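> Next up is a structure, given as structure tokens.
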Amino acid sequence: MRAPGALACALALAFAVPAHADRQMDPELRAVVQQAIGEAECDAHAERFEEEVFLKLQEPRLARIVTSPPLRREILRRVYCQTGSVVRRYREQRHVELKLTPALVLAVIDVESHFDRYAVSSAGAVGLMQVMPFWPKSLGVENRLFGNVEFNIRLGCEILAFYMASERNDYRRALSRYNGSTGRREYPDLVLGRLSSRWRG
């Protein structure tokens, strides 16, 4: 007996999609990664109230996955801060309005590593955002990707922002480039589905 179309689609997404970044090889990313490595830790430059609202909303959701309260808060603060920092910089320096949100970054992390900061994919991508280590390695800092929440989120957000800007805020195209599955919908649909079902504010 054949499964109904919707169920078959859901099963395909659940079991067939390799949910790990496996490309990130655009030559222009070297400069992006180099700049991110040289930056100080982000300054969200936002109302403290807005950050606290984000934390209050997302922490109970993340508690189902990350049991350590300090680690949960670190992940959420870093995601919120780094997202705000990169969006503000693109607006001020490049006059580009990025539709990159903390909730989208949480959905990417959820799909990529399920919030395991020590995750390593079969392709060699590491950490929360499954950043490929060849650019940091060529710049002498690849070991900081592994298990370092702040550094991994910083580089992952910069790479994702680069693709968002390149694809003019087309979520599906930017996400497929991040994952290395350009032209395929499975990975973007999985991330956007996770965004809608778990992380949207």
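The values are calculated or read from the model by the stated rules, or taken from the named source; none is laboratory data. Values in this document were obtained by computation on a predicted structure and should not be read as measured data. Here Cβ is always computed from backbone atoms with ideal geometry, including for glycine, and neighbour counts include all displayed protein chains.
> Would you confirm whether any residue within the stretch 137-144 is modelled with pLDDT under 90, part of a loop (DSSP other than H, G, I, E, B), under 23 Å from Asp116 (Cβ atoms) and among the aliphatic types (A, V, I, L, M)? Working first, answer last.
Applying the first criterion (modelled with pLDDT under 90) to the stretch 137-144 yields 137-144.
Adding the requirement that they be part of a loop (DSSP other than H, G, I, E, B) leaves 139-141.
Next, only the ones that are under 23 Å from Asp116 (Cβ atoms) stay: 141.
If we keep only those that are among the aliphatic types (A, V, I, L, M) too, we end up with 141.
The answer is yes, given that some residue of the stretch 137-144 is modelled with pLDDT under 90, part of a loop (DSSP other than H, G, I, E, B), under 23 Å from Asp116 (Cβ atoms) and among the aliphatic types (A, V, I, L, M).
> Could we say that Arg73 is without any contact (Cβ under 8 Å) to a residue 60 or more places away in the chain and either farther than 18 Å from Glu52 by Cβ or buried (at least 23 other Cβ atoms within 10 Å of the Cβ) (or both) here?
Values: without any contact (Cβ under 8 Å) to a residue 60 or more places away in the chain: yes; either farther than 18 Å from Glu52 by Cβ or buried (at least 23 other Cβ atoms within 10 Å of the Cβ) (or both): no.
Considered against the rule, which asks whether it is without any contact (Cβ under 8 Å) to a residue 60 or more places away in the chain and either farther than 18 Å from Glu52 by Cβ or buried (at least 23 other Cβ atoms within 10 Å of the Cβ) (or both), Arg73 comes out as no.
> Taking only the stretch 182-201 into account, find how many residues are among the hydroxyl-bearing types (Ser, Thr, Tyr), under 26 Å from Asp26 (Cα atoms) and more than 15 Å from the chain's Cα centre (by Cα). Give the derivation first.
Our first condition is that a residue be among the hydroxyl-bearing types (Ser, Thr, Tyr); within the stretch 182-201, this holds for 182, 187, 196-197.
From the residues that got through so far, the ones that are under 26 Å from Asp26 (Cα atoms) too are 182, 187.
So of that shortlist, the ones also more than 15 Å from the chain's Cα centre (by Cα) come out as 182.
Residues flagged as among the hydroxyl-bearing types (Ser, Thr, Tyr), under 26 Å from Asp26 (Cα atoms) and more than 15 Å from the chain's Cα centre (by Cα) within the stretch 182-201 amount to 1.
> While we're on this one: Take Ala123 and decide whether it is assigned to a loop (DSSP other than H, G, I, E, B), in contact (Cβ under 8 Å) with a residue 40 or more places away in the chain, touching a Gly at 6+ places or on another chain (Cβ under 9 Å) and small (Gly, Ala, Ser).
On the way: assigned to a loop (DSSP other than H, G, I, E, B): yes; in contact (Cβ under 8 Å) with a residue 40 or more places away in the chain: yes; touching a Gly at 6+ places or on another chain (Cβ under 9 Å): yes; small (Gly, Ala, Ser): yes.
Against the criterion (assigned to a loop (DSSP other than H, G, I, E, B), in contact (Cβ under 8 Å) with a residue 40 or more places away in the chain, touching a Gly at 6+ places or on another chain (Cβ under 9 Å) and small (Gly, Ala, Ser)), Ala123 qualifies.
> While we're here: Does at least one position in the stretch 46-57 carry a residue that is within 24 Å of Asp189 (Cα to Cα), surrounded by fewer than 21 Cβ atoms within 10 Å (Cβ to Cβ) and either of a type in the set (A, V, I, L, M) or in contact with a His (Cβ under 8 Å, 6 or more places away or on another chain) (or both)?
Taking every residue of the stretch 46-57 in turn, at least one turns out to be within 24 Å of Asp189 (Cα to Cα), surrounded by fewer than 21 Cβ atoms within 10 Å (Cβ to Cβ) and either of a type in the set (A, V, I, L, M) or in contact with a His (Cβ under 8 Å, 6 or more places away or on another chain) (or both).
So that you can scan it fast, the table gives a plain yes or no per residue for (1) touching an Asp or Glu at 6+ places or on another chain (Cβ under 9 Å); (2) crowded, with 21+ Cβ neighbours inside 10 Å; (3) among the polar types (S, T, N, Q):
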{"site": "Phe115", "(1), (2), (3)": "no, no, no"}
{"site": "Val120", "(1), (2), (3)": "no, no, no"}
{"site": "Gly127", "(1), (2), (3)": "yes, yes, no"}
{"site": "Met132", "(1), (2), (3)": "yes, yes, no"}
{"site": "Pro136", "(1), (2), (3)": "yes, yes, no"}
{"site": "Glu142", "(1), (2), (3)": "no, no, no"}
{"site": "Glu150", "(1), (2), (3)": "yes, no, no"}
{"site": "Arg154", "(1), (2), (3)": "yes, yes, no"}
